[in-house]
Amino acid sequence: MAPLGIHHKKHKVTVVGSGNWGTTIAKVVAENTKDNPDLFEPVVQMWVFEEEFKIPENSKHYDPGSSLCTKPQKLTELINGLHENVKYLPGVALPHNVVANPSLEDSVMDSTFLIFNLPHQFINKICDGLSGHLLPFARGISCIKGVDVSDKGIELFSESIGRKLGIYCGALSGANIASEVAQEKFSETTIAYDPPAMDSRHPTPQGSPRSSSLNLTALNDEASLQSKPKSNKTSLQALPADWPPLNHENVKKLLHRPYFHVRMVSDVAGVSLGGALKNIVALAAGFVDGLGWGDNAKAAVMRVGILEEVKFGKLFFADSVKTQTFTEESCGVADLITSCSGGRNFRCAKMSVQRKMSIGEVEEKELNGQKLQGTSTAYEINAFLKSEGKEDAFPLFTAVYNILEGKAKPEDIPDLIEAKDYP
């Protein structure tokens, strides 16, 4: 074992996902691994779902005489050759130490820290592909907006990833429009990372909240897993002392930039829920804005939305959520404001009203193959609320679901959310 303060190895970092937000996070991380060579290996692997893409004529890389531009090319080869994700983050130069890798297994080989950043409908398949290919003491952060709903209940994606892979996983969320962060416009984010006590030279903060139904810092506790099938039981392994500790200080060094400020907290559930539920509220804000009702209407929707976010957390994650995570952190009210002003869920909902199209049609036309998180989250949250008999307790969330289903109209929102009490 290495003496305290002397570490023979450095953390290798992999970003799992390469959409506009995944690529942006890879850029941020690669800048920081280069700036902190005592902690991290410089090369950042970015797993890319391989597809072919033809460089468009409006790209600065377009050259009609080049073989690269005459036919579609593999996206990983374009990213590694041009140092730009020309499909999902065009116009933004990537550090040369970002390496696009089409092999999921190869991209995570020997990685001690993974950042999950992909649409939440793909996470189960990705975890299945990663199973058995990770270091047993790897750690992670989920940037995935949404919750995992099944017939067994509701689970945070940080929990789901941790349980399926046998690792500790925190969460990142905030008022972070990917294109603005990529262009290095100032913003803040919130990272919830409650380091397992076995990893850190400093004790886990006393009384800090964990995630909801599964305490991932105590996977060795058999009682916490008695409700799980025996085959799913797994033990969390300590990060060996040869690597620098993954405490708040070092995790912040991996993601904090002069233009991207990080606040570290320990409320994994609150950060995760803020990132998921605000997308439903953003759809409602887009609906009323598309009707031309102005800022007052949008503010009313946002007020009800933040109340329902807090209520949801307190009702279903009572042992872990802190109200101030929603009211004081970037992952809460700040993210709600941004998402209800210019986020993709807001914009697509607004366009659906203005163009008299379904959100699905707008999504297909406007998002370049990517998917809205708000619509899928609205359906999943409604399914969960319905199973709990709590639809009426969350009138805004339920209204959005009914609008998406064609059972209500955006014009009905004021009546649907009127005179509800939020204890």
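Hey, got the dipole for region 76-146? About the Cα centre, +1 on K and R Cβ, -1 on D and E Cβ, debye to the nearest 20?
Details: 4 positive and 6 negative charges, 63 e Å.
Once rounded to the nearest 20, the dipole reads 300 debye.
Evaluate the distance, in nm, between pseudo-label points positioned 7 Å from the Cα of ALA197 and of ASP392 along their respective Cα→Cβ axes.
Placing both labels 7 Å beyond Cα along the Cβ direction yields 4.5 nm.
Pull out the extension gain between ALA383 and LYS185, defined as 0.36 nm times the separation in residues minus the alpha carbon to alpha carbon distance; nm, one decimal. Before the final figure, lay out each step's value.
Working: separation 198, 0.36 × 198 = 71.28 nm, distance 3.76 nm.
Here the answer is 67.5 nm.
Taking region 345-423 as the region of interest, what is the percent of Cα-Cα pairs per 10 angstrom bin, listed from the shortest bin to the one with the maximum distance?
Going out from 0 Å in 10 Å bins, region 345-423 shows 18, 47, 29, 7, 0 percent.
Between GLY389, GLY290, GLY332, which gets the highest mean-square fluctuation from a Gaussian network model of the chain, Cα cutoff 10 Å?
Judging by the Gaussian network model, the answer is GLY389.
Take the eigenvalues of the Cα gyration tensor for the chain, scale each by 5, and report the square roots as semi-axes in whole Å, largest first. List each step's numbers first, then the result.
Working: eigenvalues 222, 171, 68 Å².
They are 33, 29, 18 Å, listed largest first.
Which residues does a label at LEU367 reach in region 103-137, if reach means a backbone N under 12 Å from a point 7 Å past the Cα toward the Cβ?
Hits in region 103-137 for LEU367 at 12 Å: 119-122.
From the helices alone, meaning DSSP H stretches of at least four residues, give me the mean residue ellipticity at 222 nm for the chain, per-run term -39500 (n - 2.57), in deg cm²/dmol to the nearest 500. Each step should come with its number before you reach the end.
On the way: 16 runs with 165 residues, N = 423.
One gets -11500 deg cm²/dmol as the mean residue ellipticity at 222 nm.
List the lysines whose Cα sits under 25 Å from the Cα of LYS390, skipping any in the same chain fewer than 8 residues away.
Once the sequence-local lysines are set aside, what remains near LYS390 is LYS145, LYS152, LYS278, LYS298, LYS311, LYS314, LYS322, LYS407, LYS409, LYS420.
Mind listing the phi-derived Karplus ³J(HN,Hα) values for region 260-271, rounded to whole Hz, using 6.51, -1.76 and 1.60 with θ = phi - 60°, and x for any glycine or proline?
Running phi through 6.51 cos²θ - 1.76 cosθ + 1.60 with θ = phi - 60° gives 9, 7, 10, 10, 8, 9, 10, 7, 4, 5, x, 5 Hz.
Using unit Cβ charges (K, R positive; D, E negative) and no other charged atoms, how large, in debye to the nearest 20, is the dipole of region 322-361 about its Cα centre? Could you put the intermediate results ahead of the total?
On the way: 6 positive and 4 negative charges, 64 e Å.
About 300 debye.
Determine ³J(HN,Hα), in whole Hz, for all residues of region 72-77 in sequence, where each value follows from phi through the Karplus function 6.51 cos²θ - 1.76 cosθ + 1.60 and θ = phi - 60°; x replaces Gly and Pro.
x, 10, 5, 4, 4, 5
Which residue, LYS253, LYS12, LYS386, has the most motion in a Gaussian network model of the chain that connects Cα atoms within less than 10 Å?
Maximum among the listed residues: LYS386.
Among PRO240, PRO196, PRO258, which one moves the most in a GNM of the chain with springs linking Cα atoms closer than 10 Å?
PRO258
Non-local amide H neighbours of LYS12 (under 5 Å, H modeled in plane, Pro and chain starts lacking H): which ones?
Those lying under 5 Å, H to H, from LYS12 are GLU41, THR112, PHE113.
Take every DSSP beta bridge with both residues inside the chain and express the antiparallel ones as a percent of the total, to the nearest 5. Provide the component values of the computation, followed by the final result.
On the way: 10 of 37 bridges.
If I count the DSSP bridges inside the chain, around 25 percent turn out antiparallel.
So which lysines pass the test for LYS365, namely a Cα distance under 20 Å, with those fewer than 8 places away in the same chain ruled out?
LYS54, LYS87, LYS350, LYS356
Please list the non-local residues whose amide H lies under 5 Å from the amide H of HIS261, H modeled 1.01 Å from N, same-chain partners needing a gap of 5 or more.
The list, which skips near neighbours in sequence, is SER187, GLU188, THR189.
Using unit Cβ charges (K, R positive; D, E negative) and no other charged atoms, how large, in debye to the nearest 20, is the dipole of the chain about its Cα centre? Each step should come with its number before you reach the end.
On the way: 44 positive and 51 negative charges, 44 e Å.
In debye, rounded to 20, the chain gives about 220.
May I ask you to compute the full-extension gain from LYS311 to GLN354, defined as 0.36 nm times their residue separation minus their alpha-carbon distance, rounded to one decimal in nm? Write out the running numbers ahead of the final one.
Working: separation 43, 0.36 × 43 = 15.48 nm, distance 3.16 nm.
Net length gain for the segment: 12.3 nm.
Only the coordinates and a few stated rules stand behind these numbers; no lab work does. Quick caveat: nothing in here was measured; it's all calculated off a predicted structure. Reconstructed Cβ throughout: ideal geometry from the backbone, glycine too, with neighbour counts over all protein chains shown.
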